Amino acid sequence: MDAIKEVTERALTVPEKAKAIIIRSNDDFVRAGEILTVIKSLRKEIDATFDPIIKKAFEAHKEAVAQKKKVDAPLVEAEGIVKPRMAAWNAEQERIRREEEERLREIARKEEEERRLKEAIAAEKSGNKEEAEAILETPIEPPPVVIPKTTPKVAGVSFTKQWKFRITDPNKIPREYLTPDEVKIGGVVRALKDKANIPGVEVYTVDGVSGRAAA
């Protein structure tokens, strides 16, 4: 704890020194560079102080996660068995329900069609030809048929629609859905530098500054 406190206090003094640096001469530039070397040295001390602590914490965390995963593994296996079976049953019952709805709608449509035909025949027999034609030309709109779902509700269990996709032809994907491969572009630019020539990409440089700990 003393080492942590000591390196922390020293690190806290550096920002004020950095703020005080205004480079108006080569001497100022050198002093700025000296601050960079101090920062580098302090970072080495910080690494030496905290890395062992971080390593122990990481190992403990990794072990705890592994133990949790081991205990949870049977539940993951069981869930992977039950969920697909429930989803398949629910999907099959929905298919059956929709087919039955369609069958009953078709029956209702035919019944309405027969009723209209009888009305039209009766109207024509009564001499109302125009009325008969109007009856036959009126669109048939049978009453809607809705069959309740048969899959029972289970407390704590719900079904959701998961919309997914698969790419069938990458060449037909609109441009707005494409993302430039910045990792690949960066690799080419770093390798070829100013010789890199990629349409739509501007290659440029920025100056970086690095420091190393004082000997």
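Just so it is clear, none of the values below were taken in a lab; they were calculated from the coordinates. None of these values were measured; they are calculated from a predicted model. All Cβ positions, even for glycine, are placed from backbone atoms using ideal geometry, and neighbour counts span all protein chains on display.
For the range 158-201, the dipole from Cβ point charges (+1 on Lys and Arg, -1 on Asp and Glu) about the Cα centre works out to 140 debye, to the nearest 20.
In the chain, taking the dipole from charged Cβ atoms about the Cα centre, the farthest positive-side position among Ile53, Ala64, Ala78 is held by Ile53. In the chain the longest region clear of trypsin sites (Lys or Arg not before Pro) that are loop-assigned by DSSP and have at most 12 other C-beta atoms within 10 Å covers 25-148.
Listed by chain and number, the lysines placed with their C-alpha closer than 24 angstrom to that of Lys44 are Lys5, Lys17, Lys19, Lys55, Lys56; residues fewer than eight positions away on the same chain are left out. For the range 54-99, the alpha carbon positions stretch 62, 18, 6 Å along the principal axes, listed from largest to smallest.
Taken along its principal axes, the alpha carbon cloud of the chain reaches lengths of 116, 52, 34 Å, longest axis first.
Note on the range 1-129: dipole from Cβ charges, positive end direction compared against Ala120, Thr37, Ile23; the farthest Cα belongs to Ala120. Stokes-Einstein, applied to the Kirkwood radius of the range 79-180 over Cα pairs at a viscosity of 0.692 mPa s and 37 °C, places its translational diffusion at 172 µm² s⁻¹. Estimated purely from DSSP H runs of n ≥ 4, each contributing -39500 (n - 2.57), the mean residue ellipticity at 222 nm for the chain is -23500 deg cm²/dmol once divided by its residues.
Relative to the longest principal axis of the Cα atoms of the chain, helix 182-192 runs at roughly 40 degrees. The stretch between Ala122 and Ile46, if pulled fully straight at 0.36 nm per residue, gains 17.4 nm over its current Cα-Cα span.
Dividing the C-alpha radius of gyration of the range 25-128 by 2.2 N^0.38 Å, with N its residue count, gives 3.08. Set against the 2.2 N^0.38 Å expectation for a compact globular protein, the range 1-56 has a Cα radius of gyration ratio of 1.38. Counting only residues at least eight positions apart within a chain, or on another chain, the aspartates and glutamates with an alpha carbon under 17 Å from that of Lys40 are Glu6, Glu9, Glu16, Asp51.
A Cβ-based charge dipole, computed about the Cα centre of the chain with Lys and Arg at +1 and Asp and Glu at -1, lands at about 1120 debye.
Residues Val38, Val76, Val188 in ascending order of nearby Cβ atoms (within 10 Å, fewest first): Val76, Val188, Val38. Checking every one of the chymotrypsin sites (Phe, Trp or Tyr not before Pro) in the range 128-200 against DSSP loop status and a limit of 14 other Cβ atoms within 10 Å picks out Phe159, Trp163, Phe165.
Note on the range 124-215: the alpha carbon radius of gyration divided by the globular reference 2.2 N^0.38 Å gives 2.83.
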